[in-house]
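Worksheet: one structure, shown below.
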Amino acid sequence: MVEIIITEKFSVASDFAKALGVKQKFDGYFKNEQTIITWAVGHLVELWEPEDYDPNLKKWRIETLPVIPERFKYKPISKTYKQFNIIKSLLDNDNIDRVVIATDAGREGEVIARTILLESGFTDKERIFRFWTSQALVPEVVRKNMNELKPLSHYDRLWRAGYYRQVADWLVGMNCTRMVTLRLRISGELFSVGRVQTAVLSLIVDRKRERDRFVPEIYWIIKVLFSNPKGKWTGYWFQDKKIEGSLDSVPDDLKNLHALKKKEDVDRILKKIKQSKSGVVKSIKKENKKEPPPFLFSLTDLQQEANKRFGFSAQITLDIAQTLYQDKKCLSYPRTDSRVLGTQNLDMVKNILSKLELTYQNMFFGVDSTKISLSNKRVFNDAKLTDHHALIPFKPLPPDATYQEHSIFNLVLSRFIAAFYPDCEFENTKVITELEGETFQTNGKVVIVDGWRAVYQEETQDSDKLNLDSKKRKKSSSDSLVSSGKAKHEEIVENIPALAKGDIANCEKIVPEEKKTTAPPDYTDSLILKDMTNPSKYVEEEEIKKLYRGDVGIGTQATRAQIIETLINRKYIERSGKKLIATEKGVFLVDILRKSPLTSVLTSPEETARWEMSLNTIALGEPPSDKNAIEAVTSSHEESNRNAIKNFGQIPATSFLAHIKEFVAKAVNELKLAKFDHVFKPSDLNRPTGKNSKPQELVKQSDKNLKSQEQSKESKKNLKKTNLPKPPLSDNCVCPLCGGNIIEGKKGYGCSNWRAENGNCRFVIWKEIMGKVLTEQHIQTLVSGKTTKLYVLRDAQGNKFKAKLKMVRKDNKNYSIEIIPESRDIIMSNQNVIQCLR
DNA sequence: GCAAGGTC
C-alpha cells in the first residue's frame with residue numbers, strides 16, 4: 001500500500017517521519033516504500049483576487065462594487081508555489097492507495113488541507129482520511145492515531161465553517177475597503193476595513209473617547225496612623241453604608257467604603273476624631289490562603305506578560321519566540337492558545353526537566369517532585385488541550401542568544417519550573433480599628449510559604465493591587481477596564497503588628513488626602529490582547545456570554561500581533577511608548593461606519609464575536625451534509641437560498657453565505673449613498689489627536705510627500721553615518737551640572753556642552769544600566785530628580801532583581817544613579833551606584 | 001492599494 005501524509009508544517013512532518021521510521025528525505029517530502037510524508041507551509045492556496053474574476057476590477061471604481069463572485073475560486077499562493085507543486089505532483093500518481101490529512105486539528109487546518117486537495121484536483125473522497133489528535137506528536141501518539149484514522153466526512157462541517165470564514169472575510173474586506181476608500185477620496189489614503197481589524201480599532205477609538213471625555217472627580221480619604229506597644233499600623237476610614245452623592249467613577253468596592261465626596265463630611269469626621277487620643281481594635285480577621293502556580297503560557301499570555309515586563313510589542317514577542325522555536329530549537333511551537341500539556345507529555349516533561357536542571361540548577365531547589373505527575377491537572381490536562389500544547393522550554397538557551405531572547409526564554413523557563421513548585425501560602429489579616437465611633441480598616445498580607453513565587457514573580461503593573469483577596473482582585477482589575485474611571489488608593493500593609501481584639505489604639509497622626517479619580521487606562525499591547533482574547537465583556541446576553549467564555553475571540557492567537565501592526569501601518573492607531581492610541585484617521589473611520597446601521601455592525605466587537613459564534617455552530621451543530629463537501633461549498637445552490645436574516649443570531653449553515661452576501665451588498669450600498677456631513681480634509685490627518693498626544697506624522701502617498709519621506713529617511717541615515725549631533729531632549733530636561741541641553745549619544749545621554757570651548761561638561765547617563773536600556777523618558781524622569789518605576793535589572797552574575805533608579809547629587813560636581821532594590825535582601829554596595837560623571 | 005488565516 002502507498003500512502004501520502006500531508007501535514008501543516010515541516011516540524012510536524014518531521015515528527016511523523018521519526019515515528020513511522022521514514023528516514024529518507026527528498027526535496028519537499030520524506031519517503032520510503034509505502035509512505036510519503038509531505039508538508040504545507042500554512043495556507044498554500046488562497047482565494048482569487050477581484051481582478052482574477054474580471055480584469056476590469058483591477059481599477060477601484062464605485063460603479064463596479066460590490067464584487068460578489070458567484071463561485072469562489074482558489075489559486076496557489078505565489079510565495080509557496082514550489083511546495084504546492086511538490087504536493088500536487090505527489091498526489092498525481094495512480095498508485096496512491098490513501099491520502100492522510102494530518103494538518104493541525106482545527107478549522108484552519110481543515111481549510112489548508114482541503115484547498116490543497118481541491119486545487120491539486122484530488123477529489124476521490126473514498127481515498128482521503130483524517131488524522132486527528134490534540135496530543136503532542138510524540139511517536140506513540142502518531143502511531144496510535146495512524147491506526148485510528150477518521151473518515152473525511154466527519155470533518156466536512158469544519159471545512160464548511162472554515163470556507164465560510166474565508167469568503168465572508170473576503171467579501172467584507174474587499175468591498176468595504178474599496179468603497180470607503182473611494183467614497184472618502186482622500187488623496188492616497190487607504191481606509192481598510194475588516195471583520196477583525198475594524199472591531200479592534202473600535203475598541204481603541206472608544207477608549208480614546210472615554211479618556212478625552214473623562215472629567216476627574218475629587219474625593220477624599222482619611223488615613224490614621226495608630227500605635228500601641230505592639231507596633232504601628234495605618235487605618236483607612238470606611239463606612240459600610242452608601243454615602244449620599246457617591247462617585248460614579250469609583251469602583252463599587254471603594255465608593256461605599258473609603259471615598260468621601262463631600263468636603264463637609266471630611267471636616268465633620270476630622271473634627272470628631274481629632275478630639276480623641278485613643279481608640280480600640282474592634283475586630284481582627286485572619287484568613288489563610290493558598291495560591292497555585294500560574295498556568296503554563298499560551299502565546300497570548302506570553303505576549304501580555306512580555307509587554308508588561310519588558311514593553312515588547314506582541315509582534316516582537318512572537319518574532320523572538322519563533323526564532324527560539326525554529327532556529328535555536330529551545331522553545332516549543334509558539335502559536336498556541338493552550339495553557340496545558342497532554343497526559344502523553346509526562347515522559348517528555350521529565351526528560352526536559354532533568355536536562356534543564358543541569359544548567360539552571362539554582363531554579364530547581366524548591367521543585368516538588370510529586371507534582372511532576374499526571375495528578376497535576378493544572379499542567380497535564382487532556383480536556384483542556386487544543387491543537388498545540390502550551391509553550392514550554394525544550395532545552396537550555398544557547399549562549400549566543402540576544403538579550404531579548406534571554407528575556408523571553410527566561411519567562412517561559414521560570415513559568416515552566418514554577419508549575420512544579422508548591423502553592424504559595426499567605427495569611428490575610430483585616431483589622432478594624434474604631435475611633436470615636438468611626439471605623440478604620442487595615443489590610444495586611446504575610447507570605448508564609450513562598451512556594452512557586454520563589455522562582456516566578458507575578459507582574460501586576462496593568463492591573464491594580466487594591467484587594468488581597470484573589471477573587472476580589474480579579475474583579476477589581478476587570479472592573480477597572482470597563483468603569484469610566486477609578487480611584488487609586490493604596491491600602492496594602494505588609495506587616496501588621498500582632499494585634500488582638502480590644503487592644504488600645506493610640507491615634508498618632510490623622511492624614512486627610514485629596515484624590516482624583518483617574519480615567520480608564522490607554523490600551524497597551526497587553527490590554528488589547530486581553531480584550532481580543534476575551535470579548536465576552538462586550539456581550540450583553542448572558543447565554544451568549546457563557547458560550548464565549550474562552551473559546552471565541554476576536555482574531556486568533558497566530559494573527560493578533562499582526563492585526564495590531566496593521567492598524568499602526570494604516571495610521572489608524574499609533575504607538576506612544578507602551579500605549580496604543582487612536583489617531584484622527586482611526587476615529588474618523590469608526591465614526592463613518594457607525595453612521596449607518598449595517599456598517600456599524602463592523603465596529604461592534606459583540607457583533608463580530610457573534611459572527612464567529614455562528615461559524616462555530618456550523619462546525620459543530622449543523623447536521624452533516626450528505627453531499628460532497630467540496631461540491632457543496634462551491635455550488636451555486638446557496639445562491640438560491642436567500643433567507644434574509646435581520647440580525648446576527650444563530651444562522652443556519654445553508655443560508656450563512658447568502659446572508660453574508662446580502663449583508664455586504666447592503667452595507668456597500670449604505671456607504672455608496674451615505675452623506676458625510678463632515679468633510680475630511682487631508683490636513684486633518686496631521687492634526688494632533690488629543691491633549692496629550694504628539695502631532696502625527698501621517699504621510700500621504702502623493703509624490704511630493706513620498707519624496708520628502710524618502711528625504712527624511714535619507715537624512716536620518718546620514719545622521720547616523722556622520723555622527724551629527726541629534727536634537728536635544730525636551731526643554732525641561734537639562735544638564736544638572738551646567739544647565740546645558742541633554743543630547744543622545746551613542747552609548748549615553750550626555751550634556752551638549754561637552755566641547756572644551758563650551759566648558760567641557762562631562763555629565764552623562766549611560767543608556768544601559770545593569771541590563772535595563774534607558775529611553776528619553778527615563779532620562780527625563782532621572783534628570784528631574786524623580787524616582788523611576790520598578791525595573792528588572794541584572795547583576796554582574798546575570799541574576800535578575802527588581803529596583804528603582806534615582807539620580808542623586810554627591811557633591812557639586814558629581815551625580816550618580818542610585819539603584820534602589822525592591823527587596824532589602826539585596827545588599828547595596830558601590831556596584832549599585834553608577835556614576836554620572838566620567 | 002483591499003481581508004484574515006496559516007506558515008516561516
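The values are calculated or read from the model by the stated rules, or taken from the named source; none is laboratory data. The structure presented is a predicted model; accordingly, all values stated were derived computationally and were not measured. All Cβ positions, even for glycine, are placed from backbone atoms using ideal geometry, and neighbour counts span all protein chains on display.
What about residue A:65, is it closer than 17 Å to residue A:120 by Cα and assigned by TED's automatic domain parsing to the domain that holds residue A:139?
no
How many of the residues in the stretch A:554-572 are surrounded by fewer than 16 Cβ atoms within 10 Å (Cβ to Cβ) and either among the small types (Gly, Ala, Ser) or not assigned by TED's automatic domain parsing to the domain that holds residue A:604 (or both)?
1
For the subset of the stretch A:82-119 comprising residues that are of a type in the set (A, V, I, L, M, F, W, C) and within 13 Å of DNA strand B (Cβ to nearest atom), which member is farthest from residue A:153 (Cα to Cα)? Step through it out loud before you land on a result.
Looking only at the stretch A:82-119, we keep the residues that are of a type in the set (A, V, I, L, M, F, W, C), and these are A:84, A:86-87, A:90-91, A:96, A:99-102, A:105, A:111-113, A:116-118.
Next, from what is left, pick out any that are within 13 Å of DNA strand B (Cβ to nearest atom): A:84, A:102, A:105, A:111-113, A:116.
Values: A:84: 24, A:102: 15, A:105: 15, A:111: 14, A:112: 16, A:113: 13, A:116: 17 Å.
Taking the candidates together, the pick is A:84.
Residues of the stretch A:203-237 being surrounded by 17 or more Cβ atoms within 10 Å (Cβ to Cβ), more than 10 Å from residue A:505 (Cα to Cα) and of a type in the set (Phe, Trp, Tyr), which ones?
The answer is A:219, A:220, A:236, A:237.
Quick check on my filter: what residues within the stretch A:277-334 are of a type in the set (Phe, Trp, Tyr) and over 11 Å from the mean Cα position of the chain (by Cα)?
A:295, A:297, A:310, A:325, A:333
Does the stretch A:270-308 hold any residues that are farther than 30 Å from residue A:510 by Cβ and either β-branched (Val, Ile, Thr) or free of Cβ contacts under 8 Å to residues at least 60 places away in the same chain (or both), and which are they?
Across the stretch A:270-308, the qualifying residues are A:300, A:301.
Need pairs with beta-carbon distance below 9 Å; first residue without any contact (Cβ under 8 Å) to a residue 24 or more places away in the chain and within the stretch A:431-460, second basic (Lys, Arg); sequence gap 6+ or separate chains.
A:447/A:453; A:460/A:308; A:460/A:473
Tell me which residues, restricted to the stretch A:153-179, are polar (S, T, N, Q), within 19 Å of residue A:71 (Cα to Cα) and near DNA strand B (Cβ under 7 Å from one of its atoms).
The answer is A:166, and nothing else.
With respect to the numbered conditions (1) surrounded by fewer than 17 Cβ atoms within 10 Å (Cβ to Cβ); (2) at pLDDT 95 or above, which one is the sole condition not fulfilled by residue A:324?
Condition not satisfied by residue A:324: (1).
If residue A:147 satisfies every condition in (1) within 14 Å of DNA strand B (Cβ to nearest atom); (2) farther than 24 Å from residue A:619 by Cβ but one, which is the exception?
In the conditions (1) within 14 Å of DNA strand B (Cβ to nearest atom); (2) farther than 24 Å from residue A:619 by Cβ, residue A:147 misses (1) alone.
Mind checking whether some residue in the stretch A:130-147 is free of Cβ contacts under 8 Å to residues at least 40 places away in the same chain and more than 20 Å from residue A:14 (Cα to Cα)?
Checked the stretch A:130-147: no residue is free of Cβ contacts under 8 Å to residues at least 40 places away in the same chain and more than 20 Å from residue A:14 (Cα to Cα).
Is one or more of the residues making up the stretch A:198-221 over 30 Å from residue A:576 (Cβ atoms) and either of a type in the set (Lys, Arg) or away from DNA strand B (no atom under 14 Å from the Cβ) (or both)?
yes
Just wondering, is there one or more residues in the stretch A:344-362 that are at pLDDT below 95 and within 28 Å of the chain's Cα centre (by Cα)?
Checked against the condition, which is being at pLDDT below 95 and within 28 Å of the chain's Cα centre (by Cα), the stretch A:344-362 yields at least one hit.
Give the stretch A:315-370 a look and list any residue that's β-branched (Val, Ile, Thr), within 15 Å of DNA strand B (Cβ to nearest atom) and part of a helix (DSSP H, G or I), or say none.
Answer for the stretch A:315-370, where residues must be β-branched (Val, Ile, Thr), within 15 Å of DNA strand B (Cβ to nearest atom) and part of a helix (DSSP H, G or I): A:316, A:317, A:320, A:323.
Working carefully through the options A:567, A:589, A:593, A:580, find the one that is part of a strand (DSSP E or B), modelled with pLDDT of 95 or more and out of contact with any Asp or Glu (no Cβ under 6 Å at 6 or more places or on another chain).
A:580
Quick check on the stretch A:34-44. Is at least one of its residues in contact with a Pro (Cβ under 8 Å, 6 or more places away or on another chain) and either farther than 24 Å from residue A:659 by Cβ or in the same structural domain as residue A:116 (by TED's automatic domain parsing) (or both)?
For the stretch A:34-44, residues in contact with a Pro (Cβ under 8 Å, 6 or more places away or on another chain) and either farther than 24 Å from residue A:659 by Cβ or in the same structural domain as residue A:116 (by TED's automatic domain parsing) (or both): present.
Hey, can you tell me all the residues within the stretch A:25-81 that are in a helix (DSSP H, G or I), touching a residue at least 60 places away in the same chain (Cβ under 8 Å) and near DNA strand B (Cβ under 8 Å from one of its atoms)?
A:50 - this is the single residue of the stretch A:25-81 that is in a helix (DSSP H, G or I), touching a residue at least 60 places away in the same chain (Cβ under 8 Å) and near DNA strand B (Cβ under 8 Å from one of its atoms).
Under 7 Å between Cβ atoms, at least 6 apart or on separate chains: pull out the pairs that start in the stretch A:552-577 with a residue that is at positive phi and end on any residue that is within 12 Å of DNA strand B (Cβ to nearest atom).
A:555/A:196; A:555/A:532; A:555/A:563
Considering only the stretch A:127-143, state which residues are among the charged types (D, E, K, R), at pLDDT 95 or above and part of a helix (DSSP H, G or I).
A:127, A:143, listed by residue number.
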